[in-house]
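Some notes on the structure that comes next.
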Amino acid sequence: MSTPFYVSPQQAMADRAEYARKGIARGRSLVVLQYTDGIVFVGENPSRALHKFSEIYDRIGFAAAGKYNEYENLRIGGVRYADLRGYTYDRDDVTARGLANVYAQTLGTIFSSAGEKPYEVELVVAEVGSEAEGDQIYRLPHDGSIVDEHGSVAVGGNAEQISSFLDQRHRDGMSLAEALKLAVQALSRDTNGTEREIPAERLEVAVLDRTRPQQRKFKRIVGRQLSRLLEADNAAAAKTDEPSDEAPEE
Amino acid sequence: MEANPRSTGRLPAAFLTPGSSSFMDFLADHSPELLPGNRKLPEGIVEAPHGTTIVAATFPGGVVLAGDRRATMGNMIAQRDIEKVFPADEYSAVGIAGTAGLAVEMVKLFQLELEHFEKVEGATLSLEGKANRLSTMIRGNLGMAMQGLAVVPLFAGWDEGKEKGRIFSYDVTGGRSEEHGFAATGSGSIFARGSMKKLYRSDLTEEQATTLVVQALYDAADDDSATGGPDMARRIFPIVTVITDEGFRRLTEAESSELARSVTERRLEQPDGPRAALL
């Protein structure tokens, strides 16, 4: 009979956190930015079918970095939560804050229960308001903490570096094309500071657009619309002829 | 309690269990008491407001679905401005005749069912799939229907695969049949159908199709006391919706009032409406 080793709670939690962070770092980072008409989600994703961003409810979107099966599970849980809540009460009673709380509790319980392996995911829950002041963005790291973000947020392995890049350049009232361009720039920077090009086919882009006439504000931006936005942006950049140290967009 | 959606605790296990993409299946597993079909039936007969006439017609490029605004309880008018035509999703709509309370609840659940599937799967159901799902829901209401609380919808939508508008009608047992050209349900449907039978052509434009359904509703209201005609005094007009490859669109108040006004004005000269050729 061997005696189990004593591991201090601090050490156990630090190990679990490191395990989760390493898992998340294996995937690509993604960014969520406010723009004048709403919130845009941008990430590099070679798959057309396995999405990183999706609709949870009328005004609420979901973005996730990390292990696909784990965040997909959380996404469906969130859709069920939102639909059940909206069915029981009213569509207006489904809020990003409520959803973020439920996710935080869920991730937190999993993280601190010894029997379960921590989830290797980092989530963003965003809700678009009828005006920019009403926009809400919550970031949910693997341990169940919850961070109320403004303007821009990045999650994933390279998140810190991307966040600081975005913090310096993001401003309120950007157009969709401007925000998209900034997001792509941020994602193109590797950890060692070099830049690479992300072709449009590898980008997954979605928006929560408050100007959409439909009740459901979530929309994917694909194909021609995406290339038009990326191009429009180049044209605008060339016209204003701003001194820029960024590599040209493809 | 796990089923308590107000709880701010972690997501209950059922929420994170892989399962079907159907919201109704999820409800059946998790909160069966919320499913309309699972309710204990009360003793005796309940009297409740009934919605009346819904009509639909296809045209090349889409389909029109419209309903009058009256709900009746016995010989009383229970409501003058009830809405009985709803979008089911972006490319389909459902109009309901029968017990208003149950029907509205059924529509709400049906809308959610389609939306839930779309969100979970990342793809929409086929039009046939939607029509079949509605069948299941009506079948679930059979117990209520036997007590006089029947719900009989009319379902119309744009079939993206076949690139045409299609109409499905139902009976109280959930029996579903595709209608070609035009269809009607509810107490005034006999008269509406007769009207459309004489006026319908397969080459109508969208404008003509919307006029056709308003004429049919006018004829239904003319002969059926439970169907309400355009109420010019209170400015309550039929709800007319159009579904094309661009999606669902409900005619604005201005458009439907204009439509109702022109039909009503012509009826002042010709009370029985437009005449079809004798031969």
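The values are calculated or read from the model by the stated rules, or taken from the named source; none is laboratory data. On a predicted model such as this, the values are computed, not experimentally measured, just so you know. Note: ideal-geometry Cβ built from the backbone for every residue, glycine included; neighbour counts use all protein chains shown. Areas reflect the complete protein model, heavy atoms only, side chains present, ligands, DNA and RNA absent. Shrake-Rupley method; radii C 1.70, N 1.55, O 1.52, S 1.80 Å.
Numbers for the structure displayed
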| quantity | calculated |
| --- | --- |
| Boolean, residue A:95 is more than 8 Å from chain B (Cβ to nearest Cβ) and in contact with a Ser or Thr (Cβ under 8 Å, 6 or more places away or on another chain) | no |
| Condition met for residue A:84 (assigned to a helix (DSSP H, G or I) and touching a residue at least 24 places away in the same chain (Cβ under 8 Å)) | no |
| Residues of the stretch A:87-129 satisfying the condition of being among the polar types (S, T, N, Q) and assigned to a helix (DSSP H, G or I) | A:88, A:101, A:105, A:106, A:109, A:112 |
| Condition met for residue A:64 (hydrophobic (A, V, I, L, M, F, W, C) and modelled with pLDDT under 95) | no |
| Any hit, the stretch B:137-159, residues being over 27 Å from residue B:48 (Cβ atoms), assigned to a loop (DSSP other than H, G, I, E, B) and out of contact with any Cys (no Cβ under 6 Å at 6 or more places or on another chain) | no |
| Residues within the stretch A:56-82 that are facing another protein chain (nearest Cβ under 8 Å) and of a type outside the set (Gly, Ala, Ser), tallied | 7 |
| Count of residues meeting criterion [assigned to a loop (DSSP other than H, G, I, E, B), among the charged types (D, E, K, R) and closer than 18 Å to residue A:102 by Cβ] in the stretch A:130-149 | 1 |
| Meets criteria (among the hydrophobic types (A, V, I, L, M, F, W, C) and either within 14 Å of chain A (Cβ to nearest Cβ) or in a loop (DSSP other than H, G, I, E, B) (or both)) for residue B:45 | yes |
| Exclusive hit being within 30 Å of residue A:53 (Cβ to Cβ) and in contact (Cβ under 8 Å) with a residue 24 or more places away in the chain, set B:97, B:103, B:88, B:123 | B:88 |
| Odd one out for residue B:77 among (1) open to solvent by less than 50 Å² (accessible area, probe 1.4 Å); (2) assigned to a strand (DSSP E or B) | (1) |
| Leading residue by the ranking (surrounded by the most Cβ atoms within 10 Å (Cβ to Cβ)) among those in the stretch B:174-194 that are of a type in the set (Ser, Thr, Tyr) and closer than 24 Å to residue B:223 by Cα | B:185 |
| Out of B:194, B:181, sole residue that is in contact with a strand residue (DSSP E or B) (Cβ under 7 Å, 6 or more places away or on another chain) and modelled with pLDDT of 95 or more | B:181 |
| Sole residue being open to solvent by 80 Å² or more (accessible area, probe 1.4 Å) and farther than 18 Å from residue A:187 by Cα, chosen from A:87, A:81, A:71, A:19 | A:19 |
| Conditions (1) modelled with pLDDT of 95 or more; (2) surrounded by fewer than 23 Cβ atoms within 10 Å (Cβ to Cβ); number of the one not met by residue A:59 | (2) |
| Qualifying residue in the stretch B:185-196 (condition: closer than 21 Å to residue B:275 by Cα and among the hydroxyl-bearing types (Ser, Thr, Tyr)) | yes |
| Contacts under 8 angstrom Cβ, first residue in the stretch A:65-80 being farther than 19 Å from residue B:113 by Cα and part of a strand (DSSP E or B), partner of a type in the set (Gly, Ala, Ser) and open to solvent by 40 Å² or more (accessible area, probe 1.4 Å), 6 or more apart | A:65/A:157 |
| Residues located in the stretch A:202-235, provided they are exposed (fewer than 12 other Cβ atoms within 10 Å of the Cβ) and in contact (Cβ under 8 Å) with a residue 60 or more places away in the chain | A:211, A:215 |
| Unmet requirement for residue B:124, which otherwise passes all of (1) β-branched (Val, Ile, Thr); (2) within 14 Å of chain A (Cβ to nearest Cβ); (3) assigned to a strand (DSSP E or B) | (3) |
| Selected residue [modelled with pLDDT of 95 or more and outside any strand (DSSP E or B)] from B:172, B:213 | B:213 |
| Residue match in the stretch A:150-173 (condition: among the aliphatic types (A, V, I, L, M), surrounded by 12 or more Cβ atoms within 10 Å (Cβ to Cβ) and in a loop (DSSP other than H, G, I, E, B)) | no |
| Tally of residues being within 12 Å of another protein chain (Cβ to nearest Cβ) and either free of Cβ contacts under 8 Å to residues at least 24 places away in the same chain or farther than 23 Å from residue A:153 by Cα (or both) across the stretch A:98-126 | 6 |
